[in-house]
Amino acid sequence: MTEKQNIALAGAATRRDFLKKTATAAAAVAATGFLKTPVYGQATAPSANVAGANSKLTLGFVGLGNQGMNSHFKPILAAAGEYNLAIVAACDVSKHRVEEAVAAVPGAKGYEDYRQLLERKDIDVVFCATVDHWHGKVSLDAINAGKHVYVEKPMTRYLGEAFELYDAVKKSGKILQVGSQGCSDLKWHKAAEWIKAGKIGPVVMCQGSYMRNTPKGEWNYTIQPWATKDDINWNLWVGDKIKAKKDFSPDDYFRWRKYYRYCAGLLGDLFPHKLHPYMLATGNPEFPKRVAAVGSKPCQTDKNTPGTPERDSPEILQLIAEFPSGVTMHICSSSVNEQGVLEMIRGNKASLTMGGNKVELKPERPFAEEIEPENSEQFPPESIPVHHKNFFDCIRANKQPNCSVDLATRVQAVVSLGEMSERLGVVCFFDEKTRKITTSDGKELQPLTYGSVEGLS
């Protein structure tokens, strides 16, 4: 090796050492809390100095469908002793589902109307896993009743409800966790740590996907024989806000994710699984500046399930969001092709990939002498019970959870603007200070809400 090459290598090593020291210093400053940007999604353990840190938490469950029972009720019941929890109440509009739940917990009381559950002073925590159009109302009423809340994603059906819930949570001081368990997957926290330390330079773009291929139509779940008019309080399930009310429909009851009157389809069900962790990983989640989305139904898979209507929402959808910092985010989702894109956060100096449940840092060619490649350890896969534990720990420590109302409201803005863009055929611009939505020429758009698009809400 020539003397010139030796000098070049020594210079590169010196630059790398300097950058490592600078990154370490930046991380130390961040840890002291001197940085002005808020820190979202920090995992916290319960503190022995917090009053009630080891006291028993009493739980009530609202919504006992497949998600409510199998993702939340049953795992939490199994872990109740370990986490010092007690399930005391279960609520659903279906008698069958309430009976199933209370039979598993001696002494627990069943309810048809969640408002009766909220009247109980002995309940500390409410889990909400209802149909999407009840998320906002149940959560808001629970917060106002003095309960901590775990609500399934999306946090609300529409953006106006999200801000109403956000304001109530901030006023109450209660803890709200949204059920996007990817936020408790440590690889996203490692990515946020490296980004805050400046290891990839300014973030410029994120890309991700959540893809499925369901030949008989995504969400065309089996209609159970017990689901009858006598078993289900249909008027309570539909609620007062739905304008295009229907007579009792088992198809709507089990396959509601297909229909805009109850759900935003892929945007409401699958997109949050990517938006929450990607926005967390940026280290400073922002409200979107503008959002555009395009969807289609190229396969019309509902025709493969006889007796079910065609879905309102797309089978495949792509969304692009721009944020005030200049970051753009491209997320796509599908129910007709399962091939995903490379999960990546692109920086000006390096990029992060999240394959194999670890984080890999790859320098950009122009900065190869400054930035060293790096691999994190391999983390455990995402887990709903781990997300539950984060929620319970944060209640006891009075800390914000991994998918807090701050993060979830920003995600809901992306979801809601994406729905408006796709359904109305416009690019939606957003001003977080005024909470107003406009077109590119400044014309104000009213946010979608119940009944705002005739026949589909």
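Using alpha carbon centroids, what distance separates the stretch 78-148 and the stretch 339-414, in Å? One Cα centre to the other: 31 Å. Working from Cα pairs under 8 Å separated by at least six residues, relative contact order for the stretch 352-421 is 19 percent. Count Lys and Arg as plus one, Asp and Glu as minus one, and take only other residues whose Cβ is under 11 Å from that of Gly347; the net charge is then +3.
For the chain, a simple Cβ point-charge model (Lys and Arg +1, Asp and Glu -1, everything else neutral) yields a dipole of about 700 debye relative to the Cα centre. Taking a straight Cα-Cα cut-off under 13 Å and skipping sequence neighbours fewer than 8 places away in the same chain, the aspartates and glutamates within cross-link reach of Lys362 are Glu370, Glu372, Glu374. Each 20 Å bin from 0 upward holds the following percent of the Cα-Cα pairs of the chain: 24, 55, 19, 3, 0. Output the direction-averaged projected area (hull surface divided by four) of the convex hull of the alpha-carbon atoms of the stretch 134-238, in nm². The number I arrive at for the stretch 134-238 is 11.1 nm².
Based solely on its DSSP helices, what 222 nm [θ] is calculated for the chain when runs of n ≥ 4 H residues each add -39,500 (n - 2.57) and the sum is averaged over all residues, nearest 500 deg cm²/dmol?
On the way: 14 runs with 148 residues, N = 457.
Mean residue ellipticity at 222 nm (helix-derived): -9500 deg cm²/dmol.
Put the Cα centre of the stretch 241-261 next to the Cα centre of the stretch 266-308 and the gap is 20 Å.
Its residue count N sets the reference 2.2 N^0.38 Å, and the alpha-carbon radius of gyration of the stretch 79-121 equals 1.19 times that reference. Packing order of peptides 380-388, 402-410, 63-71, highest average first: 402-410, 63-71, 380-388 (average count of other Cβ atoms within 10 Å over each peptide's residues).
Can you give the net charge of the other residues whose Cβ lies under 9 Å from the Cβ of Ala321, counting K and R as +1 and D and E as -1? Walk me through the intermediate numbers first.
Numbers: positive: Lys289, Arg290; negative: Glu322.
Taking every Cβ under 9 Å from that of Ala321, the sum is +1.
When you restrict to C-alpha pairs under 8 Å that are six or more residues apart and normalise by the size of the stretch 115-237, the relative contact order lands at 17 percent.
Membrane-span-like helices in the chain, defined purely by DSSP H runs whose alpha carbon atoms cover 30 Å or more axially and whose average Kyte-Doolittle hydropathy reaches -0.5, are 3-32.
Summary value for the chain: 21 percent relative contact order, contacts being C-alpha pairs under 8 angstrom separated by 6+ residues.
By the rule of a second cysteine Cβ within less than 4.7 angstrom, the chain holds isolated cysteines at Cys91, Cys128, Cys206, Cys263, Cys299, Cys332, Cys394, Cys428.
In the stretch 105-192, Rg over Rh equals 1.02, where Rg is the alpha-carbon radius of gyration and Rh the Kirkwood radius from pairwise Cα distances. For a Förster distance of 60 Å, can you work out the FRET efficiency between the beta-carbons of Lys303 and Lys109, rounded to the nearest 0.05? The formula returns an efficiency of 0.85 here. Remark: the Met205-Asn357 segment gains 52.7 nm on full extension, using 0.36 nm per residue and subtracting the alpha carbon distance.
Count the net charge of all other residues whose Cβ sits under 10 Å from the Cβ of Gly110, scoring Lys and Arg as +1 and Asp and Glu as -1. Write down the numbers at each step before the final one.
Values: positive: Lys95, Arg97, Lys109; negative: Asp92, Glu99, Glu100, Glu112.
Charge balance near Gly110 sits at -1.
Where in the stretch 348-378 does the amide nitrogen come within less than 19 Å of the point 7 Å from the Cα of His330, taken along Cα to Cβ? In the stretch 348-378, the label zone of His330 (backbone N under 19 Å from the point 7 Å along Cα→Cβ) covers 348-355, 362, 364-365.
Under the 0.36 nm per residue contour assumption, what length would be gained going from the current alpha-carbon distance of Ala227 and Glu370 to full extension?
Values: separation 143, 0.36 × 143 = 51.48 nm, distance 6.30 nm.
My answer for the length gained is 45.2 nm.
Since every read-out is calculated from the coordinates, none of them should be taken as a lab result. Since the structure is predicted, the reported quantities are computational estimates derived from the model, not experimental observations. Reconstructed Cβ throughout: ideal geometry from the backbone, glycine too, with neighbour counts over all protein chains shown.
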